[in-house]
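The values are calculated or read from the model by the stated rules, or taken from the named source; none is laboratory data. Because the structure is a prediction, the values reported are computed rather than measured. Methodologically, a virtual Cβ is constructed for each residue, glycine included, from the backbone with ideal geometry; neighbour enumeration extends over all protein chains shown.
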Amino acid sequence: MAGHSQFKNIMYRKGAQDAKRAKLFTKLNREITVAVRESGTDPESNPRLRAAIATARANNMPNTNIDRAVKKAAGGEGGDNFEEVRYEGYGPGGVAIIVEALTDNRNRTASEVRSSFSKLGGSLGETNSASVMFERVGRIVFNDSVADYEAMFETAAEAGATDVEQAAGQEDEPGTYEVICAADDFSSVRDSLVGQFGDPREARLGWRPLSTQPVTEDQAQTLLKLLDVLEDSDDVQQVSSNFEISEDIMQRLTA
């Protein structure tokens, strides 16, 4: 396993998204709904639901909201039939972007995503046009207050993880540990870490770039706007990219 993260700039920052409480709860509700309709209401036998509930709790979603979402999904209430869709494309500077969504209207979501790319210097591509530049992995994210780095590293290694990436906090956002594991090992690694450190801030399958794409300051400004717009959509659950912004450019952008 590697030491401290060499990928701290790659996965798009979550602070702004987490602050949008209502939108975040909408996304969490959708994930719970799909998980229940896919494999039932028992978290012990439904790993996807277990992960969705853990993420909801870590993001301060009230238990009453979680229970209501599970019951509505189990009873077929609401009439929403969400389907998982994935869009791939390229942003400013040739940066590869993968957009994962849960939608009840594929045409609407596709139109919104395509418009976002075209308005902000990007282009939507065919399926697998960008994902060939990534690997599918499990990602379990904890606030760094749960343990020191060595304890997290040792526990993750024993559980079968392949990497632990540490990122410093920004402003009022806490620092994080992001544990990376093979997709096939996701459930077992997550459960081992939950047993030791409690519910994670986030736990899901995701995309990790095989290589990074440096961007200039002008490209970075437009790219971050594009990622903001994509993540602001209620339909979009996760955005992954392979951009790399140098420390001096990042400091100027956040000054």
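Take Leu28 and tell me if it is without any contact (Cβ under 8 Å) to a residue 24 or more places away in the chain, in contact with a helix residue (DSSP H, G or I) (Cβ under 6 Å, 6 or more places away or on another chain), crowded, with 20+ Cβ neighbours inside 10 Å and not aromatic (Phe, Trp, Tyr).
No: the conditions fail for Leu28.
For the stretch 172-217, give me each residue that is part of a strand (DSSP E or B), among the polar types (S, T, N, Q) and either over 23 Å from Ala255 (Cβ atoms) or over 15 Å from the mean Cα position of the chain (by Cα) (or both).
Listed by number, the list holds a single entry, Gln213.
So if I check each of Val99, Val113, which one is crowded, with 18+ Cβ neighbours inside 10 Å, of a type outside the set (Ser, Thr, Tyr) and assigned to a helix (DSSP H, G or I)?
So the residue among Val99, Val113 that is crowded, with 18+ Cβ neighbours inside 10 Å, of a type outside the set (Ser, Thr, Tyr) and assigned to a helix (DSSP H, G or I) is Val113.
From the residues in the stretch 72-96 that are more than 16 Å from Phe25 (Cβ to Cβ), more than 17 Å from the chain's Cα centre (by Cα) and surrounded by fewer than 16 Cβ atoms within 10 Å (Cβ to Cβ), which one is modelled with the lowest pLDDT?
Looking at residues that are more than 16 Å from Phe25 (Cβ to Cβ), more than 17 Å from the chain's Cα centre (by Cα) and surrounded by fewer than 16 Cβ atoms within 10 Å (Cβ to Cβ), I get Gly79.
Can you name the residue in the stretch 229-251 that is of a type in the set (D, E, K, R) and part of a loop (DSSP other than H, G, I, E, B) and is also surrounded by the fewest Cβ atoms within 10 Å (Cβ to Cβ) among such residues?
This residue is Asp234.
Here are the criteria: (1) more than 21 Å from the chain's Cα centre (by Cα); (2) farther than 21 Å from Asp191 by Cα; (3) at pLDDT 90 or above; (4) not in a helix (DSSP H, G or I). Tell me which single one Asp42 does not satisfy.
Tallying (1) more than 21 Å from the chain's Cα centre (by Cα); (2) farther than 21 Å from Asp191 by Cα; (3) at pLDDT 90 or above; (4) not in a helix (DSSP H, G or I), Asp42 fails exactly one: (2).
On the basis of being in a loop (DSSP other than H, G, I, E, B), touching a residue at least 12 places away in the same chain (Cβ under 8 Å) and at negative phi, does Gly169 make the cut?
Criteria met by Gly169.
Please go through the stretch 233-248 and pick out each residue that is of a type outside the set (A, V, I, L, M, F, W, C) and touching a helix residue (DSSP H, G or I) at 6+ places or on another chain (Cβ under 7 Å).
Across the stretch 233-248, the qualifying residues are Ser233, Asp234, Asp235, Gln237, Ser241, Asn242.
Since Val137 meets every condition but one in (1) under 25 Å from Thr212 (Cα atoms); (2) not in a strand (DSSP E or B), which condition does it not meet?
(2)
Pull up the stretch 140-166, narrow it to residues that are part of a strand (DSSP E or B) and not β-branched (Val, Ile, Thr), then point me to the one that is nearest to the chain's Cα centre (by Cα).
Phe142
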